[in-house]
Amino acid sequence: MTPQEKRNERLAQKMLRSLQRRHFEAYYCRTREDIIQQVKALIPEGSSITWGGTMTVRDLGLPAILKQGNYEVIDRDEATTEAEKIDAYRRAFTCDYYLSSVNAISEDGVIVNIDGNGNRVAAITWGPKRVIFIVGLNKVAQDVPAALQRARSTASPINAARFDIDTPCQKDGVCHNCNSPQSICNYIHFTRNSHPAGRHIVILTDLALGY
């Protein structure tokens, strides 16, 4: 193992213990193939599935893979109107499985997410029967304040650039704690524990996925 791989292995094992203490079901997968197989193993055939605006899920190619399987897939990217997209958001609450990533996670297992519309953090909180987070170790921060800082100062400016919206952070890459009408930092969400126990599943990976 390389020094990086050794560090990732040790960090992942520590985080698995922390997540389990917080009542998450947790796994560690090093490769893309391992992640895909783990997701398939977790989701029974015939299940309804959707996801939020996660680049991690898209980077892994999971939408196309799941559509090839025996699942009911709700893909908001196929919406052709705003009304269809909002309908997909609402249908997410009745899904069996909701896939997501995170903006940051602390070493002791607290997940931090920031949303503009709130549909993702709402589904993480309540609605879908189970939530699967796929989390690259690149998103690990030392503690909750550091995780919040990462979410606001790293993930949010990059996502603002991705959506090409008119916010101060889009212009200079720095969080201004703004109240812009187009702000994507309207809802800040902390997942301290999985409730009910086991509803949330975390798949940690060496891969540097998403933002």
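Just one residue in the set ARG58, ARG91, ARG76 is more than 15 Å from GLY136 (Cα to Cα), in contact with an Asp or Glu (Cβ under 9 Å, 6 or more places away or on another chain), open to solvent by 30 Å² or more (accessible area, probe 1.4 Å) and not small (Gly, Ala, Ser); that residue is ARG76. Mind checking which residues of region 133-166 are assigned to a loop (DSSP other than H, G, I, E, B), modelled with pLDDT under 95 and open to solvent by less than 70 Å² (accessible area, probe 1.4 Å)? Of everything in region 133-166, just one residue is assigned to a loop (DSSP other than H, G, I, E, B), modelled with pLDDT under 95 and open to solvent by less than 70 Å² (accessible area, probe 1.4 Å), namely ILE165. Cβ-Cβ contacts under 8 Å between residues 6 or more apart (or on different chains), taken from a first residue in region 122-148 that is touching a residue at least 60 places away in the same chain (Cβ under 8 Å) and within 24 Å of THR31 (Cβ to Cβ) to a second residue that is charged (D, E, K, R) and not in a loop (DSSP other than H, G, I, E, B), are listed as LYS139/ARG150. Scanning region 3-19 for residues that are open to solvent by 50 Å² or more (accessible area, probe 1.4 Å), among the polar types (S, T, N, Q) and under 14 Å from VAL202 (Cα atoms) returns a single hit, GLN13.
Do any residues in region 50-79 that are in contact (Cβ under 8 Å) with a residue 24 or more places away in the chain and closer than 21 Å to ARG90 by Cα have Cβ atoms under 8 Å from those of residues that are surrounded by fewer than 16 Cβ atoms within 10 Å (Cβ to Cβ) and not charged (D, E, K, R), where the two are at least six apart or on different chains, and which pairs are they? That search, which allows pairs on different chains as well, returns TYR71/GLY46; GLU72/GLY46.
Does any residue of region 96-110 turn out to be closer than 19 Å to ARG130 by Cβ and in contact with a His (Cβ under 9 Å, 6 or more places away or on another chain)? No, region 96-110 contains no residue that is closer than 19 Å to ARG130 by Cβ and in contact with a His (Cβ under 9 Å, 6 or more places away or on another chain).
The values are calculated or read from the model by the stated rules, or taken from the named source; none is laboratory data. Remember, it's a predicted structure, so these values are computed and weren't measured experimentally. FYI the Cβ positions are ideal-geometry reconstructions off the backbone, even for glycines, and counts take in every protein chain you see. Ligands, DNA and RNA are stripped out before the accessible areas are found, and what is left, the full protein with its side chains, is counted by its heavy atoms. Shrake-Rupley method; radii C 1.70, N 1.55, O 1.52, S 1.80 Å.
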